[in-house]
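Quick note: the coordinates plus some simple rules give every number you see, no bench work behind them. The model shown is predicted, which means the values in this text are computed figures rather than measured ones. Quick reminder, even Gly has a Cβ in these numbers, built from the backbone with ideal geometry, and neighbours come from all protein chains shown.
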Amino acid sequence: MRYAKGSRLSVVAVGVLLFVGSVCLGSATTETPKPAAPVVAHFHLSGTLSEKPMADPFGLLAGEMTSLKDLVRRLGKASTDDQVKAVVLTFDGMEMGFGQLEELRGAIEGVKAAGKKVYAYTEDMSTGPYGLLCASDRLCVGPQSTLWLTGLYGESLYVKGLLDKIGVQADFLHMGDYKSAAEMLTRTGPSQPAEENTNWLLDSLYHSLVDMIARSRGKTAEQVRAWIDHGPYMAEQAQEMGLIDVVQTREEFVATVENDLGGQVHVDNRYGQEEKAKVNLANPLGFFSLLSELFKTPAAPASRKDAVAVVYVEGAILPGYRQPTLFGSYEAAYSGDIRKALETAAQDDSVKAVVLRVDSPGGSAQASDVILSAARLVKTKKPLIVSMGNVAGSGGYYVSCGADAIFADAATITASIGVVGGKLVTTDLWSRLGVNWVGHKRGANADLLSSTRAFDDAQRKVIQDYMQQVYEVFKGHVTQGRGSKLRQPIDEIAGGRVYTGKQALDLGLVDQIGGLQQAVEYAAAKVSLKDYDIRVIPEPKDFFTELMEDISGEGKRPTDIRLSSMSSLLAGQPTLAPLLDLLQKTEPQRARALVQALQRIELLRRESVILMMPFDMVLR
């Protein structure tokens, strides 16, 4: 059970010699080392937690696979390292098994036992990850996040019907009444002993999970079970009930950590990771990286000229961070990456104003709120102007509504202030294939998002209440951001209604008709800039550079935190990505529509409630 990127040869030789020389030679000057600043060890938990360390000579995993052994070792090192003052955990959907969860939780408790405080931050978690993160001293979640504390739900697969359809007979024997490994082939559902065994197992796992939560939150097992049976919870509800400690943006969370620790503290975002050689010539990728270093054009010095920064929100809005992969990445706006870009723009003194360029049909409600919070932080320091592209609807409008001014083209499609939610029920599809799934749950709403059956009346009310809360928050943000500019009451404008840029202007949803250039010029005029750069943040990088920086440990990552003194459907489909690449070349408009449809299905599977345009249309 698991929880839910000829002459040239001689030049190369000289380059190798120079590289080796630079490694072997050091400065002859000796200096008395300064006392090291206290360290905050930061662990970003994302991707998949594997059992054994994996050899990755080509760096293709791009940080998406972490070994349990290595992670526990690094946490253990933090507990005994006198220089480490505290540990910060940021969680971004790391997949792990139940046993791995317990071992990782034990390592966290070891850090606490050593007298060091553990801080945890996440923007989304289900029951299993909550059992892990509640072991921290301070558990913080982002605004508009949801705690999917609904229990455990497991399904068993039975394919006898499929074998019957294709003319295959499974003939198996077993020794022991409970040895039911072949039943998936010989039956359409579990035998009585198998059912008994499954329930016995789930009872024990559920008891362990409830006990973990009860110990961490100072509650009885009965109280924790009641929590689970009445889940899920919006962030504020979870705080009121004592499930979490505080609701904060990531920036506020980091500021709290800084305030608690006080003094000069150094954040180590790669704490305990083994040092890697700059170039490993036994590794073909390392050899290519050496070639790129030898022949690349020297980078121009970073300009400190006054600038208007442009940050892009392009494609479906998804939670988390983009990972570089060999298949590249289709257009998507990851909240963690955009938040980091806005944070960078806010902190850069040479950036005098920021333009947020939005071309998105929406997506995750939680991810949209992360971006809006980051945009509002920029607005407290410098002008923030939104420029809308083809589409800035639903979540695309959500992230825009807090700006100082909104520019849209007359033909921009925008607004769609509303919420959609639900799930796909696939039981009939599996039945036609002759495949039967048998579910077991612990927790009244553990199967809330299961594709096995439609919502019952009680669950439908849970989803409707949740959607209503998200909808009211959405309308509240628009009302707060647009204020007296709105020409009609919000309920007459909202309700999912879609407008062109011209119509939105008449309703007060946008401020001016104009493109990106007009928005940039307006932003510059707001701060009286005459001679300035237009700076894209983050600076575009090719895939190879991005990947090498990640595996070398030298590049700055959006997941990193700093104290002043946060996988998509396509990522797991290597056979689908080349097909989409072909479609992109032959039918680019249809390919984009297909990708957005797949992303919408994935978001519904993960979150149930999304902020998405009501339709996808290919206009020719």
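Output the peptides 458-469, 438-449 sorted from most to least packed, where packing is the average of other Cβ atoms within 10 Å over each peptide's residues.
Answer by packing, highest mean first, reads 438-449, 458-469.
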### Message
Can you order the peptides 191-199, 121-129, 211-219 by their average number of other Cβ atoms within 10 Å per residue, highest first?
### Response
121-129, 211-219, 191-199
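Please identify the chymotrypsin sites (Phe, Trp or Tyr not before Pro) of segment 158-231 that satisfy two criteria: DSSP loop assignment and at most 13 other Cβ atoms within 10 Å. Which are they?
F172, Y178
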### Message
Counting just the Cα atoms, what span does segment 178-225 cover along each of its three principal axes? Round to the nearest Å and put the largest first.
### Response
46, 15, 14
### In segment 474-513, the trypsin sites (Lys or Arg not before Pro) that fall in loop regions by DSSP, at most 16 other Cβ within 10 Å
R487, R497
#### Entry: Kirkwood Rh (inverse of mean 1/r, distinct Cα pairs), segment 83-132, angstrom
11.7
### Query
Which percent of Cα pairs goes in each bin when the distances of segment 333-374 are cut into 5 angstrom slices starting at zero?
5, 22, 31, 23, 12, 6, 1
### Query
Using only the Cα atoms, what convex hull volume per residue in Å³ does segment 469-534 have?
118
### Query
Relative contact order for segment 327-467: what is it in percent, counting Cα pairs under 8 Å that are at least 6 residues apart?
19
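Could you tell me the calculated FRET efficiency between K530 and K165, based on Cβ-Cβ distance and R0 = 56 angstrom, to the nearest 0.05? Working shown, then result.
Values: r = 74 Å, r/R0 = 1.32.
Given R0 = 56 Å and the Cβ-Cβ separation, E is 0.15.
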### Task
May I ask you to work out the translational diffusion coefficient for segment 322-455 at 4 °C, viscosity 1.567 mPa s, via Stokes-Einstein with Rh from the Kirkwood sum over Cα pairs, reported in whole µm²/s?
73
### Task
Give me the number: length gained by fully extending T198 to E472, i.e. 0.36 nm times residue separation minus the C-alpha to C-alpha distance, one decimal in nm.
94.5 nm
### Task
Give me the percent of DSSP beta bridges within segment 373-532 that run antiparallel, rounded to the nearest 5.
25
